[in-house]
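Trainee: Just passing along the structure, written as structure tokens.
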Amino acid sequence: MVVRLDVLNSPELQAIILAVRASKKEIAKAIRQQTKKVVAPEWQRAVAERSESLLESRVLVATATALVSNQNVKLRSASKGRKLSGGLDPKTQYHVAEYGGDREDVRPVEGKSRKGKTYKIPKRHTKRQLRPRKKAGYVFGPSVADMVPRIASLWTQTVVRVFAEALEGKSNGS
């Protein structure tokens with residue numbers, strides 16, 4: 001899951017993007033580095049605060065990252081990593097951790113005895129460990145809703161501070 005800041009309705013953020021684009025490479029690099037240094041831990045913390053289960057923690061929190069470019073800040077989760085020990089792939093099956101599942105779903109399951117004999121269980125509740133379905137999500141969606149205004153503010157403050165330091169000659173681009 002990836003969310004990008006939308007600046008089409010914000011002339012202030014558009015001005016920030018134009019200023020970063022027009023700046024020297026060293027200043028733009030300093031802005032990206034300092035923004036990521038501030039935003040990434042805040043994003044991780046926001047996602048971790050909403051996580052209630054080990055599944056959510058492994059799928060959504062452990063993979064939460066923030067990418068910063070000259071034009072945008074992207075908040076990502078469940079888009080990296082490998083399959084978990086039970087076989088769940090966070091990149092393709094994150095929706096069960098974020099949006100929940102049908103807890104009353106019943107499916108037939110095959111099992112194997114200790115002696116190697118296979119048997120069938122006709123009705124097994126396979127999704128009882130999931131939260132009930134929620135369209136807005138439990139972890140990623142609410143975290144994004146809270147963090148987007150904060151991240152826009154942090155990004156703006158960082159750009160202004162780096163430009164001010166560059167004008168005063170305090171910063172050599174790092």
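The values are calculated or read from the model by the stated rules, or taken from the named source; none is laboratory data. Keep in mind that what you see is a predicted model, and the values were worked out from it rather than measured. Positions of Cβ are backbone-derived with ideal geometry, glycine not excepted, and every protein chain shown enters the neighbour counts.
Trainee: Applying the selection to the stretch 55-65, what residues are surrounded by fewer than 22 Cβ atoms within 10 Å (Cβ to Cβ) and free of Cβ contacts under 8 Å to residues at least 40 places away in the same chain?
Mentor: Matches in the stretch 55-65: S57, R58, A62, T63, T65.
Trainee: Which ones in the stretch 19-33 are more than 19 Å from the chain's Cα centre (by Cα) and polar (S, T, N, Q)?
Mentor: Here is the first cut: in the stretch 19-33, the ones more than 19 Å from the chain's Cα centre (by Cα) are 19-31.
S23, the sole residue that qualifies.
Trainee: Can you find, within the stretch 122-133, the residue that is farthest from the chain's Cα centre (by Cα) among those that are in a strand (DSSP E or B) and of a type in the set (K, R)? Steps first, please.
Mentor: We begin by selecting, within the stretch 122-133, every residue in a strand (DSSP E or B); these are 122-125, 132.
Adding the requirement that they be of a type in the set (K, R) leaves 123-124.
Numbers: K123: 36, R124: 33 Å.
Top of the filtered list is K123.
Trainee: Follow-up question, since we're still on this one. Could you list, in sequence order, all residues of the stretch 134-173 that are surrounded by 14 or more Cβ atoms within 10 Å (Cβ to Cβ), free of Cβ contacts under 8 Å to residues at least 40 places away in the same chain and in a loop (DSSP other than H, G, I, E, B)?
Mentor: G137
Trainee: Touching a helix residue (DSSP H, G or I) at 6+ places or on another chain (Cβ under 7 Å) and at pLDDT 85 or above: which single residue out of V159, V144 fits that description?
Mentor: V159
Trainee: Working only within the stretch 73-119, note down all residues that are acidic (D, E), modelled with pLDDT under 80 and surrounded by 14 or more Cβ atoms within 10 Å (Cβ to Cβ). Break it down into steps so the answer makes sense when it comes.
Mentor: To start, the set of residues in the stretch 73-119 that are acidic (D, E) comprises 89, 98, 102, 104-105, 110.
From the residues that got through so far, the ones that are modelled with pLDDT under 80 too are 89.
Scanning the stretch 73-119 gives no hits.
Trainee: Let me ask something else. Going by the structure shown, is E12 assigned to a helix (DSSP H, G or I), at pLDDT below 90, of a type outside the set (K, R) and surrounded by 18 or more Cβ atoms within 10 Å (Cβ to Cβ)?
Mentor: Numbers: assigned to a helix (DSSP H, G or I): yes; at pLDDT below 90: yes; of a type outside the set (K, R): yes; surrounded by 18 or more Cβ atoms within 10 Å (Cβ to Cβ): no.
When the stated conditions are applied, E12 does not pass them.
Trainee: List the pairs whose first member sits in the stretch 5-29 and is closer than 13 Å to P149 by Cβ and in contact (Cβ under 8 Å) with a residue 60 or more places away in the chain, whose second member is outside any loop (DSSP other than H, G, I, E, B) and hydroxyl-bearing (S, T, Y), and whose Cβ atoms are under 9 Å apart, counting only residues at least 6 apart or on separate chains?
Mentor: So the pair list comes out as E12/T156; L13/T156.
Table: residues versus (1) more than 19 Å from G141 (Cα to Cα); (2) modelled with pLDDT under 85; (3) surrounded by fewer than 18 Cβ atoms within 10 Å (Cβ to Cβ).
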position: R21; (1), (2), (3): yes, no, yes
position: Q33; (1), (2), (3): yes, no, yes
position: A46; (1), (2), (3): no, no, no
position: S53; (1), (2), (3): no, no, yes
